[in-house]
Amino acid sequence: MEITQQCVVALTWTLKDTLGETLDELEQPVEFLVGGEDLLGKIEEALQGHEPGDRVDLHLEPEEAFGDWNESLVFLEPRALFPAQLEEGMTFEGLPEGANPSAPRDALYTVTDVYPDHVVLDGNHPLAGIALRLHLTVGHVREATEEEIGRGSAGSGFFRVQPQAPGSDLLH
């Protein structure tokens, strides 16, 4: 089956920055809905017409991927608002009560620095501002179910960042 809109494609990939450093690698296929909210537009466009076994290599500029880094999404917050066990790299969905009221409440924030009196939080996607090289391999392709089409997802999002334990470097 050929990749078209409203189908589900299983992909593996290697994601690198423009210097060739591997940022993420997915060795086991994960299913994504083409024509939903799972994949970036440039990736969906590049996959059209491909079949199982095909390889697709892409270069994505920041505006085609996760956007430019935005300094207005970086906040300095009082240390007392956060748990005692706080480390760089930890993520929080939204900010705690008492934090900057102008900060977006639905963003995912990463702790970038911890000081005795303050914490620096970054609401940018970890890959914002980075040009990417993506090497995709198409696994299987199948018709999407009505449920998948209705929710706009096969259950995965492209590099959906999840709140995670310190030291975990998974971006998907």
query: Mind checking which residues of region 22-43 are surrounded by fewer than 12 Cβ atoms within 10 Å (Cβ to Cβ) and either of a type in the set (Ser, Thr, Tyr) or farther than 17 Å from Ala65 by Cα (or both)?
result: Thr22, Glu27, Gln28
message: Quick check on this structure: which one of Leu26, Leu40, Leu11, Leu47 is more than 16 Å from the chain's Cα centre (by Cα) and of a type outside the set (S, T, N, Q)?
response: Leu47
task: Please go through region 45-67 and pick out each residue that is part of a helix (DSSP H, G or I) and in contact (Cβ under 8 Å) with a residue 12 or more places away in the chain.
output: Ala46, Leu47, Pro62, Glu64
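Every read-out reported here was derived from the displayed coordinates using simple, explicitly stated rules and does not represent laboratory data. Treat the numbers as computed from the prediction; the structure is a model and nothing was measured. Every residue, glycine among them, receives a Cβ derived from its backbone with ideal geometry; neighbour counts consider all protein chains shown.
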